[in-house]
Amino acid sequence: MNEKVKFKNSKWRLSMMAPVVFIGGSIGSQIVFFPNIPYLPPIYGSLTGSVLLVAGNAIYVFYKRMKNNRAKSENND
């Protein structure tokens, strides 16, 4: 139960979902394009989407952390 609460409130939850998106997209594309194994363009798309998701989440988390640190330092002065 406590693990779910940590995941639900985590700042990194989108980054934790990225591997699931990649794996699901890869398996789904191989099922749809079954005669052409391995058909790589959808896999590259899933990989690109996952990388963009992680990068966007990292930028958001670091920006928010920097903003909070600035607000704390201004309040302490």
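The values are calculated or read from the model by the stated rules, or taken from the named source; none is laboratory data. Here the structure is a predicted model, which means the values were calculated and not measured. FYI the Cβ positions are ideal-geometry reconstructions off the backbone, even for glycines, and counts take in every protein chain you see.
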Inset, instruction - Scan (1) modelled with pLDDT of 80 or more; (2) exposed (fewer than 11 other Cβ atoms within 10 Å of the Cβ) for the single condition Leu53 breaks and write down its number. - result: (2)
Inset, instruction - Could you look through segment 14-40, keep only residues that are part of a helix (DSSP H, G or I) and among the aromatic types (Phe, Trp, Tyr), and pick out the one that is modelled with the lowest pLDDT? - result: Phe34
Legend entry - Which numbered condition Glu3 misses (of (1) modelled with pLDDT under 80; (2) surrounded by 10 or more Cβ atoms within 10 Å (Cβ to Cβ); (3) not hydrophobic (A, V, I, L, M, F, W, C)): (2)
Inset, instruction - Could you look through segment 24-50, keep only residues that are touching a residue at least 12 places away in the same chain (Cβ under 8 Å) and under 13 Å from the mean Cα position of the chain (by Cα), and pick out the one that is nearest to Arg13 (Cα to Cα)? - result: Ser50
